[in-house]
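All of the numbers you see were taken from the coordinates with simple rules; none came from a lab. From a predicted model like this one, the values you see are computed outputs, not experimental measurements. Here the Cβ positions follow ideal geometry from the backbone for every residue, glycine too, while neighbour counts run over all protein chains shown.
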Amino acid sequence: MSKQFDVIVIGGGPGGYIAAIRAAQLGFSVACIDEWKNEKGGAAPGGTCTNVGCIPSKALLQSSEHFEHAGHSFAEHGINVQGLKLDLAQMLKRKDTVVKQNNDGILYLFKKNKVTFFHGRGSFFAAVESGYQINIIGSDAEQIVTGKRIIVATGSNARALPGAEFDEEFILSNIGALALKSVPKKLGVIGAGVIGLEMGSVWRRLGSDVTVLEALPSFLGAVDDQIAKEAHKLMSKQGLSISLGVKIGTIAVNKNGVAVNYTDASGVDKKIEFDRLIISIGRVPNTTGLNAEVVGLNLDERGFVAVDEECRTNLPNVWAVGDVVRGPMLAHKAEEEGVAVAERIAGQHGHVNFNTIPWVIYTSPEIAWVGRTEQHLKADGVAYKAGTFPFMANGRARALGDTSGMVKFLADAKTDEILGVHMVGPMASELISEAVVAMEFKASAEDIARICHAHPSLSEATKEAALAVDKRALNF
Ligand code: FAD
Ligand code: NAI
């Protein structure tokens, strides 16, 4: 008799491991299967996010920012650093330690919540009367387990450019980009999206000459135009060379590195040689090895597991969450879906509000937003009021020595309800939470404007931008 569970989760990234914990909290017997291996072949749950995504990228962003500050801005504070030297091996070791702490944390949480963890690949074997049989091949002997309900949370992989497969030595996905053993002199990045800008920033700060080649004619198309323009200006000033509107031609690895042929925005053919090339042009859903066909699990035309708004697949009692389904590929979106599905399985009313999912790009300054952009509102003919406040006029930002950027509020012209909040500036990743809370509670700009914010704090820029909606900012 195979082991039986109320819920089996396939994939232990933020979508899967959080779904497993929530289902266990709700009283179900739960198994989570994840195949990620660390360097020693051991279990490393946490998925892309923990192993080669959110966590290691933020560790390197922090370390590289310290390095840049020590080299460029400490002197202004009266701190003179002599003989500043990069120890990249130590920086990478620290990043690996941070990753391992997170892997171990998840294993601890599984134990605490009595989630049975299987280290291996799970694939559909058969639909049976009591649910679905899942075959596990991995660290332990091959075995079949049965789950009354299945949650698929198998995540995503980097999208390759045809003719330029990732070798992770010269042509790098996020995996190779987070593990370069030396700082490339010339680093190319194809795709000026979230990964391109974050990883481009890391290696630029550590000394690379970074060129970013982007197909679209505008910078960060999903971001509010005013914020994107400001971010473009700031990042170009820092030394990221960003070419928009390019068409990538052939890419060839040679003895010197990687040669990229492309046509620039004015139609001129160009060739550029890099020591290393990161390709960050989006990600594709990962259903490899899931054996979806054997049970008739439907994928959509783009290869995502097809689900309804509530993450139900076409099969009874089979759900799917996170990067492997439609919607933004964000860890917190995956987590929210995981919780909501576990609660729906328990007969509760799990809910994910797609209108209030925050986005953050962890460059310096950080870019963060929630809700609608000004260009969206214009396109939809919505009458709105806008208020902005620059960090330059914020006392805490001056004390920090980081006055770049601004906060921007968009509110309904009639009701004053907040429709979107956009920021580029210091700690925008933390500041955006206030806007998310406000929007969840359907607050008006005036609500934020009338709330007492600590002084001096960056959050006062949020309050002032809300005041600016009514043209009554106090400090600008
Ligand atoms: P994943 O995290 O991809 O996890 C899926 C897991 O399932 C993996 O462990 C995989 O090995 C396992 N798996 C797959 N198939 C099977 C199988 N058949 N059997 C067993 N196991 C299987 N998002 C943010 O919100 N903030 C950030 O700062 C951020 N930074 C990022 C930086 C980078 C460089 C990258 C690449 C991504 C980043 N993301 C970030 C996106 C985030 O990592 C993903 O949205 C998130 O990991 C999706 O979670 P998931 O659980 O759906 O999938
Ligand atoms: P992305 O979708 O953010 O950006 C891809 C960029 O590549 C786009 O600007 C696109 O126009 C461009 N592009 C596509 N094809 C191209 C081509 N042939 N030539 C040149 N440019 C091309 O994707 P990215 O950066 O790979 O990241 C994937 C996802 O991972 C993100 O969308 C995000 O969901 C997640 N992520 C989130 C982070 C965060 O929350 N801070 C950090 C990193 C990743």
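Anything over 18 Å Cα to Cα? Flag those among 186/247; 37/100; 95/181; 85/185; 114/333, in the order listed.
On the way: 186/247 20 Å; 37/100 11 Å; 95/181 13 Å; 85/185 16 Å; 114/333 24 Å.
Check vs 18 Å cut-off fails for 186/247; 114/333.
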Shape descriptors of the range 214-339 over alpha-carbon atoms, Rg and Dmax in angstrom, are 19.9, 55
Tilt, helix 331-345 to longest principal axis of the chain (alpha-carbon atoms), in degrees rounded to tens, equals 40 degrees
With a Förster distance of 22 angstrom and the Cβ-Cβ distance between residue 225 and residue 470, calculated FRET efficiency to the nearest 0.05 equals 0.45
From the Cα centre of the range 5-41 to that of the range 238-272, the distance in Å is 42 Å
Per the 1/(1 + (r/R0)^6) rule, R0 = 35 Å and r from the Cβ atoms of residue 101 and residue 270, FRET efficiency to 0.05 is 0.20
The whole-number value in µm²/s of the Stokes-Einstein translational diffusion coefficient for the range 356-468, with Rh from the Kirkwood sum over alpha carbon pairs at 10 °C and 1.306 mPa s, is 116 µm²/s
Residues of the range 393-436 with backbone N under 12 Å of the label point set 7 Å from the Cα of residue 383 along Cα→Cβ are 412-416
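Report the relative contact order of the chain, percent, no decimals, based on alpha-carbon pairs under 8 angstrom and at least 6 residues apart. Spell out each step's value before the answer.
On the way: 1046 pairs, mean separation 66.1, N = 476.
Worked out over the chain, it gives 14 percent.
Between the DSSP loop rule and a limit of at most 13 other Cβ atoms within 10 Å, which chymotrypsin sites (Phe, Trp or Tyr not before Pro) in the range 89-162 are left?
On the way: sites: 108, 110, 117, 118, 124, 125, 132; in loops: none.
Passing sites in the range 89-162 do not exist.
Over the range 168-216, what is the relative contact order in percent, taking alpha-carbon pairs closer than 8 angstrom and at least six residues apart?
On the way: 52 pairs, mean separation 19.3, N = 49.
Normalised by residue count, the contact order of the range 168-216 is 39 percent.
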The rounded separation in angstrom of the Cα centers of the range 310-357 and the range 68-120 is 30 Å
Of all trypsin sites (Lys or Arg not before Pro) in the range 175-262, the ones in DSSP coil with at most 13 other Cβ atoms within 10 Å are 181, 185, 255
Zone reached by a paramagnetic label modelled 7 Å from residue 215 Cα along Cα→Cβ, restricted to the range 316-336 with backbone N below 19 Å, covers 327-329
In the neighbourhood of residue 87 defined by beta carbon distances under 12 Å, the net charge of the other residues (Lys, Arg +1; Asp, Glu -1) is +3
Counting Lys and Arg as +1 and Asp and Glu as -1 over every other residue whose Cβ sits under 11 Å from the Cβ of residue 462, the net charge comes to -2
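Using the Cβ atoms and a cut-off under 12 Å, what net charge is assigned to the surroundings of residue 215, where Lys and Arg are +1 and Asp and Glu are -1?
-1
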One checks the Cα atoms of the range 171-281 and finds Rg and Dmax, in Å, of 13.3, 43
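Tell me which trypsin sites (Lys or Arg not before Pro) from the range 258-360 have a DSSP coil assignment and no more than 13 other beta carbons within 10 Å of their own.
On the way: sites: 270, 271, 276, 283, 302, 312, 326, 333, 344; in loops: 302, 326.
In loop regions of the range 258-360 (DSSP not H, G, I, E or B), the sparsely surrounded trypsin sites (Lys or Arg not before Pro) are 302.
At 0.36 nm per residue, and after removing the present C-alpha to C-alpha distance, how many nm does the segment from residue 79 to residue 346 gain when stretched out fully?
Numbers: separation 267, 0.36 × 267 = 96.12 nm, distance 5.74 nm.
Length gained, residue 79 through residue 346: 90.4 nm.
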If each part is reduced to its alpha-carbon centroid, the range 428-458 and the range 166-186 end up apart, in Å, by 39 Å
Taking a crude spin-label model, label points 7 Å out from Cα along the C-beta direction, the residue 253 to residue 25 distance in nm is 4.5 nm
Residue-ordered couplings for the range 375-385, obtained by feeding phi - 60° into the Karplus form 6.51 cos²θ - 1.76 cosθ + 1.60 and rounding to whole Hz (Gly and Pro as x), are 5, 4, 4, 4, 4, 8, x, 7, 7, 9, 10
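Please give the calculated 222 nm ellipticity per residue for the chain, where each DSSP H segment of at least 4 residues contributes -39500 (n - 2.57) and the sum is spread over every residue; nearest 500 deg cm²/dmol? Could you put the intermediate results ahead of the total?
On the way: 14 runs with 152 residues, N = 476.
Result for the chain, helices only: -9500 deg cm²/dmol.
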Counting only backbone N atoms under 13 Å from a point 7 Å out along Cα-to-Cβ of residue 90, the residues of the range 33-76 in range are 67
Extension length gain for residue 455 and residue 237 (0.36 nm per residue less Cα distance), in nm, is 75.5 nm
Going from the fewest other Cβ atoms within 10 Å to the most, one would list 49, 452, 54 as 452, 54, 49
Quick numbers on the chain, Rg and Dmax over C-alpha atoms in Å, give 23.7, 72
For the range 117-173 (alpha-carbon point model, no solvent) the Debye-based log₁₀ I(q)/I(0) at q = 0.13, 0.25, 0.28 Å⁻¹ works out to -0.53, -0.96, -1.10
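Evaluate the relative contact order of the range 247-393 (contact order divided by residue number), counting alpha-carbon pairs under 8 angstrom at least 6 apart; express in whole percent.
Numbers: 160 pairs, mean separation 13.8, N = 147.
Worked out over the range 247-393, it gives 9 percent.
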